[in-house]
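Step one of this worksheet: look at the structure below.
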Amino acid sequence: MPMKGRFPVRRTLQYLSQGDVVFKSSVKVMTVNYNTAGELSEGARKFVFFNIPQIQYKNPWVQIMLFRNMTPSPFLRFYLDSGEQVVVDVEDKTNKEITEHIKKILGKSKEMLEKEERERKKLSHPATFGPKKYHLRECMCEIEGQVPCPAFVPLPKEMRGKYKGAMKNEA
């Protein structure tokens, strides 16, 4: 696929996955108010250009709205599921400062991310069996190369206990 357009690197999977802001589950909407001209909005413009794609990639459940040239000073507003609003002033801040600030106030901690990753790995471990709600497989017979379920395919007579007992009595 050709790399066309303005800064096509921003659309690569490697770049998008480098983002480190993962919002808490209570964040539902994020609005960015900034101006396309002026020094006060320079950090907000760079934040929108470089960091918003990463945030969208890492937080697909969060709706992101951009409002251009509608306010004298740039700010971010977060709407939480409790109905509460969090307003962050980003005037005269760089895009890295903005990212660190929102990561600190509304992002998940490293411990929480590691815990979720362990849970995800534990759930997807191929050796666990049980209800589909909690495990990848319900039965050992779902793995290729294993003996099929006797409910669907009858077992050979040699593998049945009743047959073995009858053969032992005959001998």
Self-check item: Subset of region 71-81 (residues that are open to solvent by 60 Å² or more (accessible area, probe 1.4 Å) and either modelled with pLDDT of 95 or more or touching a strand residue (DSSP E or B) at 6+ places or on another chain (Cβ under 6 Å) (or both))
Solution: 77, 79, 81
Quiz item: Of the numbered conditions (1) open to solvent by 30 Å² or more (accessible area, probe 1.4 Å); (2) in a loop (DSSP other than H, G, I, E, B); (3) closer than 29 Å to residue 116 by Cβ, residue 21 satisfies every one except a single condition; which is it?
Solution: (1)
Quiz item: So, of the residues in region 17-66 that are of a type in the set (Lys, Arg) and under 14 Å from the mean Cα position of the chain (by Cα), which turns out to be nearest to residue 104 (Cα to Cα)?
Solution: 24
Practice problem: Run residue 112 past the list (1) under 16 Å from the mean Cα position of the chain (by Cα); (2) open to solvent by less than 60 Å² (accessible area, probe 1.4 Å); (3) among the hydrophobic types (A, V, I, L, M, F, W, C) and report the number of the one that doesn't hold. | Solution: (2)
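The values are calculated or read from the model by the stated rules, or taken from the named source; none is laboratory data. All of these numbers come straight from a predicted model, not from anything done at the bench. Note that we place each Cβ from the backbone using ideal geometry, even for glycine, and neighbour counts take in every protein chain shown. Heavy atoms of the whole protein, side chains included, go into the accessibility calculation; ligands, DNA and RNA do not. Shrake-Rupley method; radii C 1.70, N 1.55, O 1.52, S 1.80 Å.
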